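Written below as structure tokens is the structure these notes are about.
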Amino acid sequence: MTCPGGLGAQTWTELDERGCTLVVPLGSVEQHGPHLPLDTDVRIAAAVAEDVADRVAGDALVAPALNYGASGEHQSFPGTLSIGHEALRILLVEFGRSACLWASRVVFVNGHGGNVATLSSAVALLRHEGRDVVWFPCGVAGADAHAGETETSLLLHLSPQLVRSERVTSGNTTPLGELMGAMRSGGVRAVSATGVLGDPVTASAGHGRELFDDLTARLVSAVDRWSPDANGMIR
């Protein structure tokens, strides 16, 4: 079961000795092309977290989202706010140490691919310290890289009013692996003038619902199993 309003709406006496699972959305504020909002990643992570907290076994609480991540590759686009890898790692480690003083376990639900290496490092340290912290990636098989069909479909399902449909345009559809060299030196702007890596033209709300249902089903199953790999990831 979950509590209305999540962690932020509770008092300390309502949490005392509960031993809950704390579900923590983690994302970023960064450009998502001319058609998607800057908070796309955290918006997806928060929606997944909220849906899952209602369905996992035992008590679960959704924490207020961690909105900022490591998004330096998008920094040449206005609106991007990146705290970098070092600051993100410190944030995650200290967050986990604090939360584990009263929560029995913590799962970070990550919506931004650029956070993965830092998240893995932070969670590995927390687990080494004896804290039961894991993470889950909001990734789907066959997804395009950024602001393409995948993320646009998810937003058409979750927040259709925020999708600027008149601005949807195809981006660079070259496989991400072939773009990494140029992106390491020049960021996303070096390979896409619009910031889009993929083709959002084919996106639909129906497909977004299918993707969302798959994500939440996988996370519910992963939380119930609670079997993290060497990097602390559950799936």
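The values are calculated or read from the model by the stated rules, or taken from the named source; none is laboratory data. This structure is a prediction, so every number in the text was calculated from the model and none was measured. Methodologically, a virtual Cβ is constructed for each residue, glycine included, from the backbone with ideal geometry; neighbour enumeration extends over all protein chains shown. Keep in mind that these areas ignore ligands, DNA and RNA; they rest on the heavy atoms of the full protein, side chains included. Shrake-Rupley method; radii C 1.70, N 1.55, O 1.52, S 1.80 Å.
Overview of results
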item: Positions within segment 155-170 being part of a helix (DSSP H, G or I), loosely packed, with under 14 Cβ neighbours inside 10 Å and not small (Gly, Ala, Ser), in sequence order; result: Pro160, Gln161, Glu166, Arg167
item: Hits in segment 198-235 - residues which are open to solvent by less than 10 Å² (accessible area, probe 1.4 Å) and among the aliphatic types (A, V, I, L, M); result: Leu215, Leu219, Ala222, Val223, Ile234
item: Within segment 28-57, tally of residues that are surrounded by 24 or more Cβ atoms within 10 Å (Cβ to Cβ), within 21 Å of Ala217 (Cβ to Cβ) and more than 14 Å from the chain's Cα centre (by Cα); result: 1
item: Top-ranked residue of segment 96-153 - restricted to ones that are small (Gly, Ala, Ser), assigned to a helix (DSSP H, G or I) and touching a residue at least 60 places away in the same chain (Cβ under 8 Å), ranked as farthest from Pro64 (Cα to Cα); result: Ala124
item: Extreme residue, farthest from Arg43 (Cα to Cα), among residues of segment 187-200 that are touching a residue at least 40 places away in the same chain (Cβ under 8 Å) and assigned to a helix (DSSP H, G or I); result: Arg189
item: First in segment 201-216 and in contact (Cβ under 8 Å) with a residue 40 or more places away in the chain and of a type in the set (Gly, Ala, Ser), second anywhere and open to solvent by less than 20 Å² (accessible area, probe 1.4 Å) and in a loop (DSSP other than H, G, I, E, B), Cβ under 8 Å, 6 or more apart; result: Ala203/Gly148
item: Residues being under 14 Å from Leu219 (Cα atoms) and either within 12 Å of the chain's Cα centre (by Cα) or open to solvent by 10 Å² or more (accessible area, probe 1.4 Å) (or both) - total across segment 133-154; result: 6
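Let's see how each residue does on (1) β-branched (Val, Ile, Thr); (2) modelled with pLDDT of 95 or more:
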{"position": "Val140", "(1), (2)": "yes, no"}
{"position": "Ala143", "(1), (2)": "no, no"}
{"position": "Gly148", "(1), (2)": "no, yes"}
{"position": "Glu151", "(1), (2)": "no, yes"}
{"position": "Leu155", "(1), (2)": "no, yes"}
{"position": "Pro160", "(1), (2)": "no, yes"}
{"position": "Ser170", "(1), (2)": "no, yes"}
